[in-house]
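The structure appears below as structure tokens.
Values quoted throughout were computed directly from the atomic coordinates according to the rules given, and no laboratory measurement underlies them. In this text the structure is predicted, and so the values were computed from the model without any measurement. We place every Cβ from the backbone using ideal geometry, glycine too, and count neighbours over all the protein chains shown.
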Amino acid sequence: MMISVSLFSSATLRLSKPARFLRFRPFRLHSTASSSTFRGYFDSKNCLRKETIAFDYGDRRYELDSVIQDTLPSGSDIGTVIGLHGAPGSHKDWKYVVPHLKANGIRFIGVNFPGFGHSQYHDDLTHDNQERVNYVQAILDYLNLDKNLVFIGHSRGTENALKMAALNAEKTAGLVQMNFVGLRTHRGIRPEWIIKTFAHLWQLKWPQSVLRPFLAYVYNNIIKLRVPNGDVAGCCIISMLSSKFDLPGQLEYVEMVNRSDVSSLFLYAGRDPFIEADVSAEFVKLFDGHKHFECEKKTDCGDARKDVVEALTSGTRSVAVHFKKEDHYLQKNRAQLVAEGIVAILRNRSK
């Protein structure tokens, strides 16, 4: 999610200060990268690089120091996965998936949206979906990512993953969604009046000193979604506004995916406290060539993994798995299946 504010009159906003959440002192490693100029990691253990990403939104141009997880800066002939996190969230959303991808020679790009504790942010950002799409597209263009792409999303990030796959269909092999949102309002953003009230107070700015500790406490101790501080919590609240979170508008992009060669994999949970299973089930039925599987167990679902891989390898357009006893963290609990599904999608693409 993101944070809402007023706009300056200048056409270009070059932000000289990093995000207040985190300050980095990058160091450089020598590397050769075919996909873009690689100046080195500032955190080699986690494959984190910082790049200045420029993008347009409305009549403004922004340049933000963006933290990007990039596991293979020299590129991969097999494919590249672009991860779009939830709210709250970061590149860390994918820490259980990434090792499986690396083992298969697949490049992973972990996007950190501005305002979530890693990438630089600015109070003029509106954080609606088109702005988010423009930001991710700018990262793709900066890194010269133009073939065999797979967009993966979790929770709030699934809407953006869908749109990126649809808008880059000619470059995209697959779309993988976990704990995804649907076309109608799910329980995680109800009642809407509460979200609107706190978002309004946050946007007034002067109450933020009181709201920061309160919202951080609510997220960490009541909602049980970890945030590093109250600023990130405020961004999450803003991004939950219905005006920022265009659920019905996804239908247009579903139809674009259906007209393309993009394959899709959807994982949803029966015990997700934020998104009802019936909301997810309705959504996956919108995709052409749909196959649906169910897993009754919370432990191993070897049969489901086998079915998913076989279906995607054979060219099935869309596959969904309902994990009846799982919760909101399928990117963690079903990381191997996610990775195997991605490998199957890319393998089928290379035929």
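When C235, C295 are sorted by how many other C-beta atoms sit within 10 angstrom of their C-beta, beginning with the fewest, the order is C295, C235. Using θ = phi - 60° in the Karplus curve 6.51 cos²θ - 1.76 cosθ + 1.60, the 3J(HN,Hα) couplings for segment 104-109 round to 9, x, 9, 6, 10, 10 Hz; x is entered for Gly and Pro.
The string of couplings for segment 44-56 from the Karplus curve (6.51, -1.76, 1.60, θ = phi - 60°) is 5, 4, 9, 6, 9, 10, 10, 10, 7, 9, 9, 8, 9 Hz, one whole number per residue in order, with x for Gly and Pro. Farthest toward the positive end of the dipole of segment 120-227, out of Q177, F214, G153, is the Cα of F214, where the dipole comes from beta carbon charges about the Cα centre. Proximity of backbone amide H atoms, modeled 1.01 Å from N, is registered between F293 and A320, V321, H322 at under 5 Å, excluding neighbours fewer than 5 places apart on the same chain. The packing ranking of peptides 60-66, 337-343, highest mean first, is 337-343, 60-66, where packing means the average number of other beta carbon atoms within 10 angstrom of each residue. Sorting L267, L241, L346 from the fewest to the most surrounding beta carbons within 10 angstrom yields L241, L346, L267. Could you check the spin-label model distance between D43 and H200? Points 7 Å from the Cα along Cα→Cβ, value in nm. Result: 3.7 nm between the two label points. About its Cα centre, the dipole of segment 205-279 is roughly 520 debye, where the only charges are +1 on Lys and Arg Cβ and -1 on Asp and Glu Cβ.
Among the listed values [x] 27.5; [y] 21.8; [z] 20.4, the one matching Kirkwood radius over Cα pairs in Å as calculated from this structure is [z].
Summary of the geometry: segment 305-351 and segment 127-172, compared by the centres of their Cα atoms, lie 20 Å apart. What does the charge count around A169 come to, taking other residues whose C-beta lies under 14 Å from its C-beta (Lys +1, Arg +1, Asp -1, Glu -1)? My count for the surroundings of A169 gives 0. Put in line by how crowded their Cβ is, counting other Cβ atoms within 10 Å and starting with the fewest, R49, R226, R132 read R226, R49, R132. The listed peptides 285-292, 255-262, ordered by packing as a protection proxy, come out as 255-262, 285-292 (highest mean of other Cβ atoms within 10 Å first).
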